[in-house]
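For reference, the structure discussed in these notes is given below.
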Amino acid sequence: MKTSRFTEEQMVAILREGDKVPVPEVARKHKVSEQTIYAWRKRFGVLEPADIKWLAQQRIDTALIDPGKPWQNGDAESFNGKFRDECLSLEWFRSRIEARVVIESWRQHYNHVRPHQSLSDLAPIEFKARYHSIHPGAILQL
């Protein structure tokens, strides 16, 4: 693969310029094609230059989901299905405030009360309590 003359941090900074002025203008200014800027946008999405720097320093590679292929992230798809089936499909929201209240209530239940298969069918709070009884003093964030 051809290496770029721009660092990933520079690419993201150029993308941010493209959010403020027309892409053709940014492309001319930096002597790249418009297609290159669109390819960078597809690759980096909404990252900021500092994020690209939070990742390079930690030697973390980004793994992106191809547009139109949400099944590449099974965890997100599983959650989206549960959210749709257990919350959105059962409610008819009359206002944004009502939607916020109902969705927050469902989120609290999902994150604290509802048993999770990944936690041996325990609720997260119960799993955390058992974990701390086995590993006193350990830090576990849920």
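Couple of notes before you dig in:
- Spans of helices (runs of 4 or more DSSP H) in segment 1-113 with at least 3 residues at pLDDT 90 or above and more than 30 Å from residue 126 (Cα to Cα): 23-30
Here is a yes/no grid of residues against (1) closer than 24 Å to residue 86 by Cβ; (2) among the small types (Gly, Ala, Ser):
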site	(1), (2)
97	yes, no
104	yes, no
114	yes, no
117	yes, no
123	yes, yes
126	yes, no
134	no, no
139	no, no
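- Any pair with Cβ under 6 angstrom, 6 or more apart, that starts in segment 81-97 at a residue that is over 13 Å from residue 107 (Cα atoms) and ends at one that is not in a loop (DSSP other than H, G, I, E, B): 91/102; 93/99
The values are calculated or read from the model by the stated rules, or taken from the named source; none is laboratory data. Every value quoted in this text rests on a predicted model; they were computed, and no experiment measured them. When we count neighbours, we look across all protein chains shown, and the Cβ atoms used for this are built from the backbone with ideal geometry, even at glycine.
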